[in-house]
Amino acid sequence: MDNILIPADINEKVKKAVRFFWSTREGQISKQEANDIRDQGTRGAATGGKQLDGFLALITEILMENKIPEGIIFTNSKLELPGYYRPTKKWDLLVVDREHLVLAIELKSQVGPSFGNNFNNRTEEAMGSALDIWTAFREGVFKTSNPWLGYMMMLEECNASSSSVSVRSPHFNVMKEFENSSYIKRYEIFCNKLIWERQYNASCLLTSKKSDLQTGDFSTPDENLSFNRFLISMLSAVFTYRATKGQV
């Protein structure tokens, strides 16, 4: 199997993607305000849909450095995959080789202040997408023997996300790990469980502060959810596919 190539300056490349994330969010909000577009709260940036493009570009770059042809990497169009419970679902990045689904990646972000409702929405989306695609796989929709799924979350680090949060459950006790946990901790638990329960092959959780706009600084709450581990898992799956299928 080929050696996996991770750029020596990967940390700086991730910082660049983080800077792009914050600068794009601020730019989208300002542009929409200038055009008198009024989305509720900070939803204006989220609906712009471009703040995670720095990470998409970085993942694409690394795939190509590892001899994955650009023509089978999809990030801008042809992102729909058939499901079991719904006709299709659009992913953020696909590698599709000669009608074989090699990998699919979902990239999400969350910035305050409404962490509670948005956390529930994000978790439900991720679990639903995994259930839908794996059930479609079971029914023979995809030719590949073992598609690789990845989930990445970019989360704002602030008082609201790093402080302990109480849980209201009037009838039954919540699982112990959720007691007085912060939203950062809840995302850490969630992303790990996505892997443990084999809903996704790899998951990545990064946090950053709005004040990191200029530096691109970020944190990794759990090394098992680091960007490097995410990349290694992804590239290992691609190379395994190439070795067994003789393609890509």
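Within the range 180-225, the GluC sites (Glu not before Pro) that combine a DSSP coil assignment with at most 10 other C-beta atoms in a 10 angstrom radius are 197. Sequence-ordered 3J(HN,Hα) estimates for the range 128-135 from the Karplus curve with 6.51, -1.76 and 1.60 and θ = phi - 60° stand at x, 5, 5, 4, 5, 6, 6, 6 Hz, glycine and proline given as x. Given +1 at the Cβ of Lys and Arg, -1 at the Cβ of Asp and Glu and no other charges, the dipole of the chain around its Cα centre is 340 debye to the nearest 20. Converting phi to 3J(HN,Hα) with the Karplus coefficients 6.51, -1.76 and 1.60 and the offset θ = phi - 60°, the range 59-68 yields 4, 4, 4, 5, 4, 5, 5, 9, 6, 8 Hz in sequence order, with x at every glycine or proline. Taking every protein chain into account, the accessible area of the chain amounts to 53 square angstrom per residue (probe 1.4 Å).
Among the trypsin sites (Lys or Arg not before Pro) in the range 58-90, those located in a DSSP loop and surrounded by at most 10 other Cβ atoms within 10 Å of their own Cβ are 78. For the chain, the longest principal axis of the Cα atoms and the long axis of helix 183-196 meet at an angle of about 20 degrees. The amide H of residue 200, built 1.01 Å from its N in the peptide plane, has 195 as neighbours under 5 Å, considering only residues 5 or more places off or on other chains. For residue 245, the lysines whose Cα comes closer than 28 Å to its Cα, not counting residues fewer than 8 places off in the same chain, are 67, 78, 89, 90, 143. Rounded to the nearest whole Hz, the Karplus-based 3J(HN,Hα) values (6.51 cos²θ - 1.76 cosθ + 1.60, θ = phi - 60°) of the range 150-155 follow the sequence x, 10, 10, 10, 9, 10, with x at glycine and proline. Summarising the amide proton neighbourhood of residue 157: residues at separation of 5 or more, or on other chains, whose placed amide H is nearer than 5 Å comprise 208, 209, 210.
Taking amide H as placed 1.01 Å from N in the peptide plane, residue 102 has its amide H under 5 Å from the amide H of 95, 96, 97, each at least 5 places away in sequence or on another chain.
Prolate is the label for the chain, because the ratio a/c of its alpha-carbon gyration tensor axes (a ≥ b ≥ c) is 1.5 or higher and a/b is greater than b/c. For the range 165-248, the list of chymotrypsin sites (Phe, Trp or Tyr not before Pro) that fall in a loop by DSSP and count at most 15 other C-beta atoms within 10 angstrom reads 172. Computed about the Cα centre, the dipole magnitude for the range 44-125 is approximately 220 debye when only Lys and Arg (+1) and Asp and Glu (-1) carry charge, each at its Cβ. Helical runs assigned H by DSSP (4 residues or longer) give the chain a calculated mean residue ellipticity at 222 nm of -13500 deg cm²/dmol, each run adding -39500 (n - 2.57) before division by the residue total.
The portion of the accessible surface of the range 41-170 made up by carbon and sulfur, rounded to a whole percent, is 47 (1.4 Å probe; DNA, RNA and ligands excluded).
The values are calculated or read from the model by the stated rules, or taken from the named source; none is laboratory data. Computed from a prediction, not measured in an experiment: that's the story for all the values here. Glycine gets a Cβ as well: all are built from the backbone with ideal geometry, and neighbour counts include every protein chain shown. Accessible surface is based on the protein model in full, side chains and every heavy atom, while ligands, DNA and RNA are left aside. Shrake-Rupley method; radii C 1.70, N 1.55, O 1.52, S 1.80 Å.
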